[in-house]
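Colleague: Below you will find the structure I want to go over with you.
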Amino acid sequence: MLACVPVQAAPPPGAPITASERAWLEAAHPVLALARHERLPLDVVVQPQPNVGEPPLATAFVAGRCKLVLTMRGPGGTPLPEATRDAALPAVLVEAMLAHELGHCWRHARGDWRTGPAAFGTADAALEASRREEGFADLVALAWTLQQDPGAYRAVHDWLSGQRAHPVHDGAEHDTRVWVTAALDPAAFGPPAPLFERAHRLWLKVDPTPAQRPTDPFSESRSAHSSPSLQKSPL
């Protein structure tokens, strides 16, 4: 079993935490509390480097540990404009994004990363495995909202649907529409259960065949949002 190391968030040397970074870290408290409870090997990193096309929140995996990375700085460590980094997202969406990344960490910690039922296999096994992981993490984000703030579930689902509505191509790594669609009705998660178990239960039930754009249920009924997509990237 992995050793329990407290989740920690430290400012970069000589670079005080900005107001936006502090707001995101404060929104992260409930999710980080779950990480502690689950004994996940998680560290929080606030990067002083400029955000050059990076999402404000991502996860990296280094030496057996998950690194939850905030990248919200401009040149010289100055805060980026609000419109550039979407730092003013409501706390409920920040929590959902954090829960998504925590889903990745949970899978890594269990040694389950990029594993799944044999029936899920495709010609491009590596890409499909990555897509499944994104699908699982999206379900964790939604299950978290359902557990913590059920009244916000519809708004968070709508936002996530907008994020996933137009993948680079059908079956791309972040083409998780089939899983997000499966969770349109929160009842799909079934009876109450621990967070990851609840997401995993629905994840296994979903046929991972990529949705086809002509029948994409989000293309007309959902409007795409400008918020950053939930994704992971290396440090």
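Colleague: So residue 65 fits all but one of (1) under 27 Å from residue 159 (Cα atoms); (2) at pLDDT 80 or above; what number is the exception?
Modeller: Of everything listed in (1) under 27 Å from residue 159 (Cα atoms); (2) at pLDDT 80 or above, residue 65 misses just condition (1).
Matching residues to (1) in contact with a Phe, Trp or Tyr (Cβ under 9 Å, 6 or more places away or on another chain); (2) outside any helix (DSSP H, G or I); (3) modelled with pLDDT under 95:
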{"residue": "151", "(1), (2), (3)": "no, no, no"}
{"residue": "163", "(1), (2), (3)": "no, no, yes"}
{"residue": "167", "(1), (2), (3)": "no, yes, yes"}
{"residue": "174", "(1), (2), (3)": "no, yes, yes"}
{"residue": "184", "(1), (2), (3)": "no, yes, no"}
{"residue": "219", "(1), (2), (3)": "no, no, yes"}
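Colleague: Could you say which residue among 35, 58 is in a strand (DSSP E or B), in contact with a helix residue (DSSP H, G or I) (Cβ under 8 Å, 6 or more places away or on another chain) and touching a residue at least 60 places away in the same chain (Cβ under 8 Å)?
Modeller: 58
For every residue, the table says whether it meets (1) among the polar types (S, T, N, Q); (2) modelled with pLDDT of 95 or more; (3) in contact with a Leu (Cβ under 8 Å, 6 or more places away or on another chain).
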residue	(1), (2), (3)
130	yes, no, no
157	no, yes, yes
197	no, yes, no
205	no, no, no
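Colleague: Quickly run through the range 38-55 and pick out the residues that are in contact with a helix residue (DSSP H, G or I) (Cβ under 6 Å, 6 or more places away or on another chain) and under 24 Å from residue 149 (Cβ atoms).
Modeller: Scanning the range 38-55 gives 40, 42.
Colleague: Let me ask something else. Quick check on my filter: what residues within the range 137-173 are open to solvent by less than 40 Å² (accessible area, probe 1.4 Å) and without any contact (Cβ under 8 Å) to a residue 60 or more places away in the chain?
Modeller: 140, 142, 143, 145, 146, 153, 157, 165, 167, 171, 172
Colleague: Mind checking whether some residue in the range 10-31 is in contact with a Leu (Cβ under 9 Å, 6 or more places away or on another chain), modelled with pLDDT of 85 or more and among the polar types (S, T, N, Q)? Show your work before the answer.
Modeller: The first filter runs over the range 10-31 and keeps only residues in contact with a Leu (Cβ under 9 Å, 6 or more places away or on another chain), leaving 17, 20-21, 24-25, 27-28, 30-31.
Filter again for modelled with pLDDT of 85 or more, leaving 21, 24-25, 27-28, 30-31.
Going one step further and asking which of them are among the polar types (S, T, N, Q), we end up with none.
Checked against the condition, which is being in contact with a Leu (Cβ under 9 Å, 6 or more places away or on another chain), modelled with pLDDT of 85 or more and among the polar types (S, T, N, Q), the range 10-31 yields no hits at all.
Colleague: Looking only at the range 38-55, count how many residues are open to solvent by 50 Å² or more (accessible area, probe 1.4 Å) and either at pLDDT 85 or above or in a loop (DSSP other than H, G, I, E, B) (or both).
Modeller: 5
Colleague: If residue 228 meets every condition in (1) closer than 22 Å to residue 102 by Cβ; (2) open to solvent by less than 70 Å² (accessible area, probe 1.4 Å); (3) at pLDDT 80 or above apart from one, which number is that one?
Modeller: (3)
The values are calculated or read from the model by the stated rules, or taken from the named source; none is laboratory data. Please read these numbers as outputs of a predicted model, since none were measured by experiment. Note that we place each Cβ from the backbone using ideal geometry, even for glycine, and neighbour counts take in every protein chain shown. Calculation scope for accessible area: heavy atoms of the full protein, side chains included, ligands and nucleic acids excluded. Shrake-Rupley method; radii C 1.70, N 1.55, O 1.52, S 1.80 Å.
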